[in-house]
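Okay, structure first, notes after.
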């Protein structure tokens, strides 16, 4: 039974899915937190968010400060109170005013008078121009539903009735009296908010003072109404609440009987304005949230790729890996895509240059080691030489190795500073025809006995293109060096009675220089190897007579001029073995023309 209970127990299986889900949620929350913190740590992200929110905040403050809704609401309220006041004042003038200019005589008293007595004018001990008993029910019916405070003043400015003191049957009149020991001013926080709200509102609004039972002429609008013209004033009480007051004259038969003062309750207009501003704040909050999300997304498309590129550049600088790959954002058709492509190309060029330098250093070390080893052996053997003949042979070996070292060091120095010199000097138009004429002339004039002469041929068809047909952009001295190397190389393989032919032509937008000899040609497997550093294949010459850098330097110079150089064999008819006979070697140099013409 215990075994069955253990197998049927579902608790561990039930807890596992819940625990796995909780774990996944925790991991997702952590990843989200790391992503948010990494984005927040980015200076560029913070700047984008702050700048975008700054513009939105300025717009929000501008809406609050220049909000015309408040002005329109106050103006509408003034017009409404003026209309309401004129209606109420007309009703008061029609039913509640007292005609004090009429003479009232009591007829009963007139009959009871004795001879010689005069009839006096009946005088009311309470001589009001507006009857408060008739005004009270009228104000109660007309003002109470509008939640507006109404005060009626007689023509002398004395307060006749105040709607705040009216109460209906069954109602209790309640007057809010200040508590003992409690300050009249609102708290500091409320005063601060009121000051800020007043700054965002009208700055020229006067402060509202409730004069209670004082003369109504203390209010400018009441004084103006008693002179026969309606007036309105907008004020702010001590709590920063807007109060609109409107005074209209109460007149009958063009006689001013008094004035009616209507004023809004404190906070009535501010509640509407506050709700409007809260709606604006809600729109601002939503817009700010959307702006933050969009700014973070925008910053992610800018800051994150730049951060990855910067990290990769730091790894390249530190050399953490043998060959660091720059992130590829070239699919983006923007500045970051261009930056990524440029950095990748720059890094590839840098690694290629480093590899070339390493290979060059290894080749130089290998080439220098051979003559040094031979020189050391000769020097160590020289003291042991027993006769002059042996010492002479050893001295010849030493001199040969010294000359070889000198030649190697000169060629290596020339090759090592070639790239820097080509990058440092500005390119200029070079007339290849003029360079070849100068080189061939010097080569023929300095030709030693047993050396082949040089024949230069220019393609006459190219002359139709003009005098600039053979111009290229580059360095004349380096182009001349290439031609000297090719001619010296061809001459070294040519028989003394066979010339070296140099042909200059123009093919489409390229200038072609062809150097041909009638030597043994080049082995097929060595057509590319001849351009390698320190490669030489001269069976008829002694060891160490050539450094093997001439053709390598020539290719380096031509490729720096955005051209190409290649080697091939001049082939003739098939020989006894059925293969085409080699009539000599041909080197073809192709350079882009400076002036593009149709062929």
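The values are calculated or read from the model by the stated rules, or taken from the named source; none is laboratory data. This structure is a prediction, so every number in the text was calculated from the model and none was measured. So basically every Cβ, Gly included, is an ideal-geometry build from the backbone, and we count neighbours across all protein chains shown.
Looking at (1) more than 19 Å from residue 222 (Cβ to Cβ); (2) without any contact (Cβ under 8 Å) to a residue 40 or more places away in the chain, find the lone condition where residue 147 falls short.
(2)
Please determine, by comparing only the residues of region 306-326 that are surrounded by 15 or more Cβ atoms within 10 Å (Cβ to Cβ) and assigned to a loop (DSSP other than H, G, I, E, B), which one is modelled with the lowest pLDDT.
324
Residue check: is residue 277 farther than 30 Å from residue 94 by Cβ, surrounded by 14 or more Cβ atoms within 10 Å (Cβ to Cβ), within 57 Å of the chain's Cα centre (by Cα) and at pLDDT below 75?
yes
Before we move on, is residue 342 under 31 Å from the mean Cα position of the chain (by Cα) and over 30 Å from residue 532 (Cα atoms)?
no
Considering only region 409-416, I want to know if a residue exists there that is closer than 19 Å to residue 554 by Cβ, at pLDDT 80 or above and surrounded by 19 or more Cβ atoms within 10 Å (Cβ to Cβ).
Looking for residues that are closer than 19 Å to residue 554 by Cβ, at pLDDT 80 or above and surrounded by 19 or more Cβ atoms within 10 Å (Cβ to Cβ), one finds none in region 409-416, hence no.
Restricting to region 121-146, and then to whatever is surrounded by fewer than 10 Cβ atoms within 10 Å (Cβ to Cβ) and part of a loop (DSSP other than H, G, I, E, B), can you tell me which residue is modelled with the highest pLDDT?
Only one residue tops the list, namely 127.
Enumerate the strands (runs of 3 or more DSSP E) found wholly within region 207-270, keeping only those where 3 or more residues are assigned by TED's automatic domain parsing to the domain that holds residue 152 and within 55 Å of the chain's Cα centre (by Cα).
Once the strands (runs of 3 or more DSSP E) in region 207-270 are filtered for at least 3 residues that are assigned by TED's automatic domain parsing to the domain that holds residue 152 and within 55 Å of the chain's Cα centre (by Cα), what remains is 231-236, 242-252.
List every residue pair whose Cβ atoms sit under 9 Å apart, with the two residues 6 or more apart in sequence or on different chains, where the first one lies in region 219-244 and is on the phi > 0 side of the Ramachandran plot and the second, anywhere, is in a strand (DSSP E or B) and surrounded by fewer than 18 Cβ atoms within 10 Å (Cβ to Cβ).
228/256
Can we say residue 256 is under 27 Å from residue 160 (Cβ atoms) and surrounded by 15 or more Cβ atoms within 10 Å (Cβ to Cβ)?
yes
When you scan region 219-261, how many residues do you find that are under 13 Å from residue 82 (Cα atoms) and out of contact with any strand residue (DSSP E or B) (no Cβ under 8 Å at 6 or more places or on another chain)?
0
Can you tell me how many residues within region 525-540 are modelled with pLDDT under 85 and either assigned to a strand (DSSP E or B) or more than 20 Å from residue 558 (Cβ to Cβ) (or both)?
Of the residues in region 525-540, 4 are modelled with pLDDT under 85 and either assigned to a strand (DSSP E or B) or more than 20 Å from residue 558 (Cβ to Cβ) (or both).
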